[in-house]
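J.: Below you'll find the structure I mean.
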Amino acid sequence: MSEEVTTPKKAKRERKPREKMPEQAPEARIHNFDEVPFGYTEQQAVAEAERCIICKKPKCVDGCPVNIDIPKFIAQIRDGDFLGAARTVRSTNSLPAICGRVCPQADQCEVLCVEGIKYEPVAIGNLERFIADWELANDAIEIPAIPPPTGYRIAVVGSGPAGLTVAGDMAKLGHEVTIYEALHRPSGVLVYGIPEFRLPRSVVAKEIDYIRQLGVKFVYDVIIGVTITVDELFEQGYHAVFIGTGAGLPKMMKVPGENLVGVYSANEFLTRVNLMGASREGYDTPIRFAKHTVVVGGGNTAMDAARVSLRVSGNPVTLVYRRSMEEIPARREEIHHAVEEGIKFDLLVAPLEVIGDDKGQVKAIKCIRMGLGEPDDSGRRRPVPIEGSEFIIDCDTVIVAIGNSPNPIIPRNTPGIESSKWGTIVADEETGATSRRGVYAGGDIVSGAATVILAMGAGRKAATAMDAYVRTLPLTRRNPYGDT
Ligand SMILES: Cc1cc2nc3c(=O)[nH]c(=O)nc-3n(C[C@H](O)[C@H](O)[C@H](O)COP(=O)(O)OP(=O)(O)OC[C@H]3O[C@@H](n4cnc5c(N)ncnc54)[C@H](O)[C@@H]3O)c2cc1C
Ligand code: SF4
């Protein structure tokens with residue numbers, strides 16, 4: 001780790017509680033889409049940074065998928081060197097304002113923080129967010145000097161965190177990079193899935209601006225595998241292609257009544273509200289203003305769907321999840337916020353059937369209570385139905401948020417790309433190389449639905465490997481597959 005940071009003397013240290021992030025009161029925020037936490041003030045950030053003991057062997061760094069030098073940037077905040085801290089974070093993380101808001105820090109870096117063994121862990125995520133916001137607010141992002149063009153051309157498919165990371169890293173190395181995106185705007189789940197009150201569009205837009213300033217070009221409304229194939233990209237002269245198409249295919253419950261009017265996949269519901277103005281007047285894709293919504297699932301997507309539904313409808317929302325609070329996978333902060341906002345959690349409950357009225361509209365959902373058996377493949381205790389415990393919840397809207405599968409278009413339409421039985425693209429964990437020469441992949445399309453930072457980590461590794469690969473190709477050969 002860095003030499004310039006110093007460890008405060010233990011004897012002199014007085015232990016302080018973790019700085020609490022100020023946030024909108026629940027009764028106010030359920031009526032708006034404004035961001036819930038306000039972020040630390042400078043004084044709070046310095047006070048929180050002073051809680052870090054700047055460990056010589058910092059465990060927190062091991063928990064960070066992009067290995068941010070956490071003690072270094074925290075020491076820089078402690079010393080009031082905000083610019084230095086911003087540079088430290090950005091040197092390994094090109095989307096820090098996003099990660100500071102949505103990374104599961106409680107399970108990654110903070111869970112390993114030594115202060116957390118006896119006391120509360122240092123609020124690493126809040127500090128990352130503070131420093132990234134400071135950098136954006138002070139227009140202090142440094143665009144690195146780009147080396148002269150190498151002449152190599154890279155196509156990136158998908159503009160989610162995996163694609164953005166590869167694109168940024170490849171552009172910094174002097175390659176010409178174009179991102180192809182199926183939707184009309186960039187960022188993948190960051191804008192179509194995660195709502196504004198967790199991740200404001202303005203923050204995402206500024207991070208995208210950084211990628212653009214590195215020289216990356218964006219082409220929208222193009223579905224690779226349909227509008228243009230991967231083969232055609234090579235024919236157009238790209239030397240390598242990265243596939244970061246995510247896991248955008250919703251899983252459904254496979255219970256009777258799932259086709260009734262009033263049942264949405266969380267992806268459809270969130271996309272309509274987040275991207276298509278469905279909750280606002282004058283837009284062509286209206287959403288049902290539910291009297292009672294039941295959300296099925298326990299991940300971040302389920303929390304987002306429940307909290308968005310509450311804001312859109314102003315009416316009660318119940319979340320049913322088949323395991324207990326112990327196993328629930330969403331970020332703890334989101335669960336805490338959802339509970340504060342009045343989302344009712346009905347845990348150890350699984351849906352059996354959606355019940356409709358004579359017009360084919362949802363009127364209730366039939367569920368069963370579950371017990372917990374032995375651990376399953378995921379290491380979590382397996383939910384087991386309790387016979388005779390069926391019950392009915394009256395509702396007019398059901399949102400299914402039980403997971404997403406990889407987007408199947410490219411694996412289906414690209415010869416030579418090996419995929420798994422789950423529909424993911426098979427790629428080398430260290431390099432992102434697929435079974436097809438010159439084609440790399442990473443993020444949810446390889447791992448299945450995961451996290452922003454894991455997608456970014458995969459993007460970084462793939463960029464290193466792609467850079468090495470393209471440099472083996474003769475530049476005169478525009479298409480590495482033949483017609484020189
Ligand atoms: C509602 C929701 C909330 C979440 N909350 C969190 C959270 O709090 N923290 C966290 O870490 N993770 C969260 N996640 C997961 C996280 O967003 C994903 O793991 C991450 O976005 C994956 O990044 P990616 O780049 O692989 O794919 P994506 O973000 O899915 O991006 C893929 C992009 O590829 C485009 N695309 C797909 N097919 C094609 C094609 N054929 N041609 C061109 N473009 C194509 C898509 O339109 C999309 O823009 C959440 C996910 C959801 C759905
Ligand atoms: S483990 Fe905790 S106390 Fe140690 S350097 Fe990391 S954040 Fe600071």
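J.: Which of the following residues is touching a residue at least 40 places away in the same chain (Cβ under 8 Å), at positive phi and touching an Asp or Glu at 6+ places or on another chain (Cβ under 8 Å): Gly237, Gly246, Gly225?
T.: Gly246 is the lone residue from the list that is touching a residue at least 40 places away in the same chain (Cβ under 8 Å), at positive phi and touching an Asp or Glu at 6+ places or on another chain (Cβ under 8 Å).
J.: Next question. Step by step: first the residues of segment 385-439, then only those that are more than 26 Å from Lys363 (Cα to Cα) and in a strand (DSSP E or B), then the one that is most open to solvent (accessible area, probe 1.4 Å). Which residue is that? Please lay out each step first, then the result.
T.: Here is the first cut: in segment 385-439, the residues more than 26 Å from Lys363 (Cα to Cα) are 405-439.
From what's left, in a strand (DSSP E or B): 405, 419, 425, 433, 439.
Details: Ser405: 28, Ser419: 54, Ile425: 2, Ala433: 35, Val439: 1 Å².
Applying the filter and picking the extreme gives Ser419.
J.: Follow-up question, since we're still on this one. Just checking, does segment 424-435 include any residue being free of Cβ contacts under 8 Å to residues at least 24 places away in the same chain and closer than 30 Å to Val349 by Cβ?
T.: no
J.: Give the residue that is farthest from ligand 2 (Cβ to nearest atom), with candidates limited to residues of segment 161-179 that are under 19 Å from the mean Cα position of the chain (by Cα) and either open to solvent by less than 10 Å² (accessible area, probe 1.4 Å) or aromatic (Phe, Trp, Tyr) (or both).
T.: This residue is Ile179.
J.: For residues in segment 178-229 being among the basic types (Lys, Arg) and outside any loop (DSSP other than H, G, I, E, B), which is farthest from ligand 1 (Cβ to nearest atom)?
T.: Only one residue tops the list, namely Lys206.
J.: Right, another one. Pick from Pro195, Pro186: which is closer than 30 Å to Glu23 by Cα, in contact (Cβ under 8 Å) with a residue 60 or more places away in the chain and within 15 Å of the chain's Cα centre (by Cα)?
T.: Pro195
J.: Of all residues in segment 117-151 being open to solvent by less than 20 Å² (accessible area, probe 1.4 Å) and in a loop (DSSP other than H, G, I, E, B), which is nearest to Ile228 (Cα to Cα)?
T.: Only one residue fits best here, namely Ala140.
J.: Still on this model: Going through segment 180-203 one residue at a time, which ones are open to solvent by 10 Å² or more (accessible area, probe 1.4 Å) and on the phi > 0 side of the Ramachandran plot?
T.: Gly188
J.: Specify the residue that is farthest from ligand 1 (Cβ to nearest atom); the eligible residues are those in segment 56-65 that are surrounded by fewer than 18 Cβ atoms within 10 Å (Cβ to Cβ) and in a loop (DSSP other than H, G, I, E, B).
T.: Filtering first and then ranking leaves Lys56.
J.: Quick one: what pairs do we get from segment 350-370, first residue farther than 16 Å from Ile399 by Cβ, second of a type in the set (Asp, Glu), C-beta under 8 Å, 6+ apart or different chains?
T.: Once the first residue is farther than 16 Å from Ile399 by Cβ and sits in segment 350-370, its partners that are of a type in the set (Asp, Glu) give Leu352/Glu390; Lys366/Glu353; Lys366/Glu390; Ile368/Glu390.
J.: Out of the residues in segment 204-228 that are acidic (Asp, Glu) and open to solvent by 20 Å² or more (accessible area, probe 1.4 Å), state the one that is farthest from Met456 (Cα to Cα).
T.: If we take residues in segment 204-228 being acidic (Asp, Glu) and open to solvent by 20 Å² or more (accessible area, probe 1.4 Å), then Asp221 is farthest from Met456 (Cα to Cα).
J.: Only one of these conditions is not met by Ala290: (1) in contact with a helix residue (DSSP H, G or I) (Cβ under 7 Å, 6 or more places away or on another chain); (2) farther than 19 Å from Glu258 by Cβ. Which number is it?
T.: (2)
J.: Here's another thing I want to ask about it. Could you go through segment 360-376 and let me know if any residue there is of a type in the set (Val, Ile, Thr), open to solvent by less than 30 Å² (accessible area, probe 1.4 Å), more than 16 Å from ligand 2 (Cβ to nearest atom) and under 20 Å from Thr301 (Cβ atoms).
T.: So far as segment 360-376 goes, yes, one or more of its residues are of a type in the set (Val, Ile, Thr), open to solvent by less than 30 Å² (accessible area, probe 1.4 Å), more than 16 Å from ligand 2 (Cβ to nearest atom) and under 20 Å from Thr301 (Cβ atoms).
J.: So if I check each of Arg129, Arg201, which one is modelled with pLDDT of 95 or more, closer than 22 Å to Phe38 by Cα, under 23 Å from the mean Cα position of the chain (by Cα) and of a type in the set (Lys, Arg)?
T.: None of the other options fit; the residue is Arg129.
J.: For Pro148, state whether it is in contact (Cβ under 8 Å) with a residue 60 or more places away in the chain and farther than 19 Å from Arg87 by Cα.
T.: No, not satisfied.
J.: Kindly check whether there is at least one residue in segment 68-78 that is touching a Ser or Thr at 6+ places or on another chain (Cβ under 6 Å) and of a type in the set (A, V, I, L, M).
T.: Yes, because at least one residue in segment 68-78 is touching a Ser or Thr at 6+ places or on another chain (Cβ under 6 Å) and of a type in the set (A, V, I, L, M).
J.: What are the residues in segment 114-135 that are in contact (Cβ under 8 Å) with a residue 60 or more places away in the chain and either within 17 Å of Thr92 (Cα to Cα) or within 16 Å of ligand 1 (Cβ to nearest atom) (or both), if any?
T.: If the condition is that a residue be in contact (Cβ under 8 Å) with a residue 60 or more places away in the chain and either within 17 Å of Thr92 (Cα to Cα) or within 16 Å of ligand 1 (Cβ to nearest atom) (or both), then Ile124, Asn126, Leu127, Glu128, Arg129, Phe130, Ile131, Asp133 are the ones that fit.
J.: Taking the residues in segment 90-113 that are modelled with pLDDT of 95 or more and more than 16 Å from ligand 1 (Cβ to nearest atom) as candidates, determine which candidate is surrounded by the most Cβ atoms within 10 Å (Cβ to Cβ).
T.: Cys113
J.: May I ask you to verify whether Ala85 is open to solvent by less than 10 Å² (accessible area, probe 1.4 Å) and either within 16 Å of ligand 1 (Cβ to nearest atom) or out of contact with any strand residue (DSSP E or B) (no Cβ under 6 Å at 6 or more places or on another chain) (or both)?
T.: yes
The values are calculated or read from the model by the stated rules, or taken from the named source; none is laboratory data. Since we're looking at a predicted model, the values are computed, not measured. As a convention, Cβ positions derive from the backbone with ideal geometry for all residues, glycine included, and neighbour counts pool all protein chains shown. Accessible surface is based on the protein model in full, side chains and every heavy atom, while ligands, DNA and RNA are left aside. Shrake-Rupley method; radii C 1.70, N 1.55, O 1.52, S 1.80 Å.
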